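The values are calculated or read from the model by the stated rules, or taken from the named source; none is laboratory data. Here the structure is a predicted model, which is why all the values come from computation and not from measurement. Neighbour counts run over all protein chains shown; Cβ positions are idealised from the backbone, glycine included.
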Amino acid sequence: MEQVVVVTGAASGIGAAVARHFGRLGARVVVADIDEAGGAAVAEEAGGLFVRTDTTREEDNLALIEAAVAAYGGLDFVHLNAGIGDGGGFGQDDYDAERQHRVLAVNLHGVMFGLHAALPVLAAHGGGSLVVTSSMAGVGMAPFDPVYAATKYGVIGLVRSLAPTWQEKGVRINAICPGFVRTPILPPEAIDYIVGEGFALAEPAEIAASVAEIAASEEAGRAYVLQAGSAPEPVAFPRLD
Ligand code: NAD
C-alpha cells in the first residue's frame, strides 16, 4: 500500500517541495497550511489532499491527522515544517512582544500540537517516522533573529526528549536543520546578501530529497544539518556516559 504522508507548511518553500517529492514517489500526500490557494495548488500537483490547518490551534492539528487517516486509511510519515521568522530583537526600538508570541506560537507550540496529534496515530498504525524542521539557527551555526533561534533550539529539545520513548513504540523522530534555502521566508535582499557573500543556498527540492532519506532511515533523535551540495550531517550531541 502507498505511504500516507502529512506535511505542514506545505503551500510554499520546503514543505511544498517535500509534498511534491512524496507525490512523485506515489505516496498519498496531505498538504496542510493556512494558505488555502497555495495549499490547494500543491495538493493538486502532488495528487493529494489539502486540509486547511492553522498549526497554532490544537484542534486543527487533531483534525488534520484525523482527515489523513479518514481519507487514506493510515499514517506513515509526518513532517512538522510550518514556521515563520522575524521575532524582533531586544533593543529599545525593535522589541515586539506580540511578534515574539506569534513566532513561538507557530514554531514551537504548533510543533508541540503536531507531535501530540500525530505520534499516537503513527504508533497505532504500525509505526512510522516524523521529522520536525528546525534550522541551522537551532544548533548555533549563525547569529540569527534570537526569538527564531530560541524556537529552533526548542524543537530539537522536543525531538531529542521524545525520540527514545517513541522509538520503542515504532515511531522514529528526527529534526532537520537546513542552512539557507531559496524560499519566500528569505526576502530578496537576504538572498542577494547570501549569494553575494558566497554562502551556500540550497533549492527546496534538495532539502526534500534529504527529508525523504531521513524519513526512511532507522535513526531517531538526530538533528541533521542540510546544506546545499552536502549529504545530511548529523549533529554531535554530548552523551550521558
Ligand atoms: P515558506 O515561507 O516558503 O513556507 C512556510 C509555510 O508555512 C508557508 O506556506 C506558510 O503559509 C506556512 N505557515 C505559516 N504559519 C502557519 C500556520 N500557523 N499554520 C500552517 N501553516 C503555516 O518558508 P520555508 O523556508 O519553506 O520554511 C519552512 C520551514 O523551514 C520553516 O520552519 C523555517 O523556519 C524552516 N527553515 C527555512 C530556511 C530557509 O532558509 N528557507 C532555513 C532553515 C529552516
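A few notes on this one:
- Verdict on Glu219 being within 16 Å of the chain's Cα centre (by Cα), of a type in the set (D, E, K, R) and surrounded by fewer than 18 Cβ atoms within 10 Å (Cβ to Cβ): no
- Among the residues of this structure, Asp33 counts as one that is within 11 Å of Ala16 (Cα to Cα) and modelled with pLDDT of 95 or more.
- Hey, Asp93 of a type outside the set (Gly, Ala, Ser), within 12 Å of the ligand (Cβ to nearest atom), at pLDDT below 95 and in a loop (DSSP other than H, G, I, E, B) or not: no
- Residue in the range 135-146 that is within 10 Å of the ligand (Cβ to nearest atom), closer than 30 Å to Phe90 by Cα, among the hydroxyl-bearing types (Ser, Thr, Tyr) and in contact with a Phe, Trp or Tyr (Cβ under 8 Å, 6 or more places away or on another chain) present: yes
- Residue within the range 3-12 that is part of a loop (DSSP other than H, G, I, E, B), touching a residue at least 40 places away in the same chain (Cβ under 8 Å) and either over 18 Å from the mean Cα position of the chain (by Cα) or more than 14 Å from the ligand (Cβ to nearest atom) (or both) present: yes
- Subset of the range 18-60 (residues that are within 10 Å of the ligand (Cβ to nearest atom), assigned to a helix (DSSP H, G or I) and surrounded by fewer than 23 Cβ atoms within 10 Å (Cβ to Cβ)): Glu36, Gly38, Asp60
- Yes/no for Ala82 being in contact (Cβ under 8 Å) with a residue 40 or more places away in the chain, in contact with a strand residue (DSSP E or B) (Cβ under 8 Å, 6 or more places away or on another chain), surrounded by 15 or more Cβ atoms within 10 Å (Cβ to Cβ) and within 26 Å of Glu168 (Cα to Cα): no
- In the range 108-142, the residue that is nearest to Tyr153 (Cα to Cα) out of those that are surrounded by fewer than 23 Cβ atoms within 10 Å (Cβ to Cβ), in contact (Cβ under 8 Å) with a residue 60 or more places away in the chain and in contact with a strand residue (DSSP E or B) (Cβ under 7 Å, 6 or more places away or on another chain) is Val139.
- Residue list for the range 61-86, filter: among the aliphatic types (A, V, I, L, M) and either near the ligand (Cβ under 10 Å from one of its atoms) or under 18 Å from the mean Cα position of the chain (by Cα) (or both): Leu62, Leu64, Ile65, Ala68, Leu75, Val78, Leu80, Ala82, Ile84
- In the set Leu64, Leu25, only one residue is within 17 Å of Val121 (Cα to Cα) and either out of contact with any Pro (no Cβ under 8 Å at 6 or more places or on another chain) or among the hydrophobic types (A, V, I, L, M, F, W, C) (or both); that residue is Leu64.
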